[in-house]
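Visitor: Mind looking over this structure? Questions follow.
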Amino acid sequence: MPEEVTSLNSPAERFNEETLIRRVREGEHELFYELIRPYERRVYAAAFSILRNEADAEDAAQEAMLKAFKHIRQFRAEARFSTWLIQITVNEARMWRRKEHAHLIEPIVDHEDAEGNYVPRDFADWREVPSETLERKEIREKLVEALESLGQIYREVFVLRDMHHLSIDETAKTLGISTASVKTRLLRARLMLRDLLAPGLGGSWSTRLHFAKGTKPW
Amino acid sequence: MVVNCEQVWQEISNYLEDDVDPNLRAAMEAHFRECDRCRSVLDGTRNVIQLYGDERMIDVPLGFGHRLQHRLGESLQPTRRRFLGWMVAAAAAVVVAGSFELSRSSVFRQPELRSKHAQPGNGVPPEMMVVVSSGAKIFHVSGCPFIHDKAHVRTIVAREALKQGYAPCVRCMKKYLQAHLASPHSLHDRRA
């Protein structure tokens, strides 16, 4: 289960972030990159999850960071800075997608929540995820491939909640949907990914992995 | 409270979010102890969350940070250098504004055309009666087949039409416009 985390774990780091924000606002613009550097991976990933194209994601991420700089006076301290950056990035990437790819037709499942309950497939146990799993590039590629196969509405919710650790409320606000829709889409996204990945990660892809038997990583 | 598999699947995400009431949680846990399939779904869903929540999942293109820093550097130049740029821009703005005011004076004033693609009415006799319609940008000779919005036309003199920003129809006013090319005199010359 994702926890409410940020890249800045200690109070000292958070204090440093607040100081940087204040100094940038006061005119030390050259400090802005230092302020956003801890989040650049997450910003890129947020853009990529929507645009699914490296070049577009990079351009959109850059534009989003420029917008963040221009509007930094509008940032309110009650929100997390990382969440604010990701919200700007998601909006920018969505706008980018509308502008650049208006001709593309998303699958119909992207436009409305599918009706009926999702029935997860019946697989043998997939209980263990050793830490080194993600060291393998081919495994990461399989995970990205599975994520990309989801419909846009499921992918967006999953990425914000489970990859960027936004809260349910923050995810709903960022995407402009209700918290009930976030929960429904999140459930489907998680179950669909489990169904896509379990046969491989629970079996054939992981045969070369050294499982730490009896150890649950969570 | 007892729950079946379907109910468990619908709540499994909320269960992992710790967003179910204590009674339901207890019922689900009792179900997991008895049901291999639901336990497998629970474990698999946890695995998904754990794997994708790992920072290593995010592959960033090589040089992304450097390019981002460069792009920001271009836009976020130090204030002192930008101040000079602002001063130059401000000076240019003053010059442009001055020119604009000069052009608005009666001596230099030209009619503002409704369409930037329209031709000025040089060569059209200033007292000639022409037809305009409020929704269009062109004035015509009465009876011209290219008049738009014929229900709202009115007749005025060409000088007034030009003053209001209408441009001559290149079809029905063709002879005046062509004649102007061969003549040094024009409506604007005479008005000035």
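Visitor: Mind scanning A:99/B:150; B:150/B:175; A:70/A:173; A:99/B:174; A:67/A:137 and naming the pairs with a C-alpha gap bigger than 31 Å? Write down the numbers at each step before the final one.
Guide: Details: A:99/B:150 39 Å; B:150/B:175 23 Å; A:70/A:173 21 Å; A:99/B:174 43 Å; A:67/A:137 33 Å.
Checking Cα-Cα distances, A:99/B:150; A:99/B:174; A:67/A:137 exceed 31 Å.
Visitor: Given the whole protein assembly as supplied and a 1.4 Å probe, what does the accessible area of residue A:119 come to in Å², nearest 10?
Guide: Roughly 90 Å² of residue A:119 is accessible to a 1.4 Å probe.
Visitor: Seen from all sides and averaged, what is the projected area of the convex hull of the Cα atoms in region B:14-69, in nm²?
Guide: Across all orientations, region B:14-69 yields a mean hull projection of 5.7 nm².
Visitor: Still on this structure: What average count of beta carbons from other chains do you get within 10 Å of the Cβ of residues in A:66-77?
Guide: Working: counts 6, 0, 1, 3, 2, 0, 0, 0, 0, 0, 0, 0.
That works out to 1 on average.
Visitor: Taking θ = phi - 60°, what integer Hz values does the Karplus form 6.51 cos²θ - 1.76 cosθ + 1.60 yield along region B:6-20, in sequence order, with x for Gly and Pro?
Guide: Once θ is set to phi - 60°, the couplings for region B:6-20 become 4, 5, 5, 4, 6, 10, 5, 5, 5, 4, 5, 7, 6, 10, 10 Hz.
Visitor: Now for a separate question. Work out the mean other chain Cβ neighbour count within 10 Å for the residues of A:155-161 and drop it here as an integer.
Guide: Numbers: counts 0, 0, 0, 3, 1, 0, 5.
Mean partner shielding for this stretch: 1.
Visitor: In Å² (nearest 100), what accessible area is buried between B and A, both sides summed, heavy protein atoms only, 1.4 Å probe? Walk me through the intermediate numbers first.
Guide: Numbers: alone 14450 and 13400 Å², together 22720 Å².
Its buried surface, counting both partners, is about 5100 Å².
Visitor: Near the amide H of residue B:139, under 5 Å away, which other amide H atoms are found, from residues 5 or more places off or on another chain, if H is placed in the peptide plane?
Guide: Under 5 Å from the amide H of residue B:139 lie the amide H atoms of B:167, B:169, each far enough along the sequence or on another chain.
The values are calculated or read from the model by the stated rules, or taken from the named source; none is laboratory data. What you see is a predicted model, and the numbers here were worked out from it, not measured in a lab. Don't worry about glycine lacking a Cβ; one is built from the backbone with ideal geometry, like all the others, and counts go over all protein chains shown. When the accessible area is computed, the model is the full protein with side chains, heavy atoms only, and any ligands, DNA or RNA have been set aside. Shrake-Rupley method; radii C 1.70, N 1.55, O 1.52, S 1.80 Å.
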